[in-house]
1. Would you check if residue 247 is in contact with a helix residue (DSSP H, G or I) (Cβ under 7 Å, 6 or more places away or on another chain), within 17 Å of residue 269 (Cα to Cα), in a strand (DSSP E or B) and within 16 Å of the ligand (Cβ to nearest atom)?
2. For the stretch 222-236, which positions are part of a strand (DSSP E or B) and near the ligand (Cβ under 10 Å from one of its atoms)?
3. Take residue 144 and decide whether it is in contact with a strand residue (DSSP E or B) (Cβ under 6 Å, 6 or more places away or on another chain) and without any contact (Cβ under 8 Å) to a residue 24 or more places away in the chain.
4. Checking residue 63 against (1) farther than 28 Å from residue 149 by Cβ; (2) at pLDDT 95 or above; (3) more than 15 Å from the ligand (Cβ to nearest atom); (4) not in a strand (DSSP E or B), which single condition isn't satisfied?
5. Kindly evaluate residue 95 against the criterion of being away from the ligand (no atom under 16 Å from the Cβ) and either in contact (Cβ under 8 Å) with a residue 12 or more places away in the chain or surrounded by fewer than 15 Cβ atoms within 10 Å (Cβ to Cβ) (or both).
6. Anything in the stretch 157-171 that is in a strand (DSSP E or B) and either touching a helix residue (DSSP H, G or I) at 6+ places or on another chain (Cβ under 7 Å) or within 15 Å of the ligand (Cβ to nearest atom) (or both)? List them, or say none.
7. Hey, any hits in the stretch 179-187 for a residue that's in a loop (DSSP other than H, G, I, E, B), at pLDDT 95 or above and buried (at least 20 other Cβ atoms within 10 Å of the Cβ)?
Ligand code: TA6
């Protein structure tokens, strides 16, 4: 698969041109992202793991989803081309945009770019511009799969500010947990809040606790997902036991962004 490798003194990031899909981010040799051993890497389907780009809609949010059934939009399963490549002694960056904008469901007048910058952190920016002359809207997400050693030894912080989350499993809204945010079953939650910093604590309480800090911007929601045992067993591109090895923390716009002509929106996730 055609890929680009960004590198600095102590970090490396691999981006597949298929889907502009980041499949690896290593800092001091420590892999921060999960990539399924069964990920399909021949360009015939979205890659399971890394950072799928969900645009111009998140999940099932397109109004005609029942007709087309395409989850997570039009760009994660197509080839992107490099439009810029800038390197200095402190950062390495690449910008890409999708080749095929001809789909009938592509929003009028909107363009999409992904800018990836590796420095002392990894910054991923999904840039939407309205180059048309009518109002247009979209939803989307940076659907990041973070690597963990054991999902049952993970807890999340940064979700404490009082807000509601939508449980996508039953369609109901709940207050966000006030006790430790841990995982013990299938979890699929859209936190309706622009929380700006979250942390994944792996091997929580153990002597090898690891923290992954994530900053979010341009979002209206954070999505937290783990398929757990049964759903993982029904995913052909995920080994049955691999659900234990990741948690998705997704910087998202799920409430809809309306762009006036000449407006620009940036959805940004920073991984430290
Ligand atoms: O972000 C959570 C979610 O919408 C889940 O409902 C689940 O469908 C997941 O994304 C993965 O979706 P995918 O189409 O990549 O299998």
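1. yes
2. Just the residues of the stretch 222-236 that are part of a strand (DSSP E or B), to begin with: 222-226.
Residues satisfying the conditions are 223, 224, 225, 226.
3. no
4. All conditions are met except number (2).
5. Taking the combined requirement at face value, the residue satisfies it.
6. Matches in the stretch 157-171: 165, 166, 167.
7. yes
Conditions tested, residue by residue: (1) closer than 20 Å to residue 46 by Cβ; (2) within 16 Å of the ligand (Cβ to nearest atom); (3) in a loop (DSSP other than H, G, I, E, B).
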| site | (1), (2), (3) |
| --- | --- |
| 189 | no, yes, no |
| 206 | no, no, yes |
| 213 | no, no, no |
| 238 | yes, yes, yes |
| 242 | yes, yes, no |
| 257 | no, no, no |
| 261 | no, no, yes |
| 267 | yes, yes, no |
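The values are calculated or read from the model by the stated rules, or taken from the named source; none is laboratory data. Quick caveat: nothing in here was measured; it's all calculated off a predicted structure. Virtual Cβ from ideal backbone geometry, glycine too; neighbours counted across all protein chains shown.
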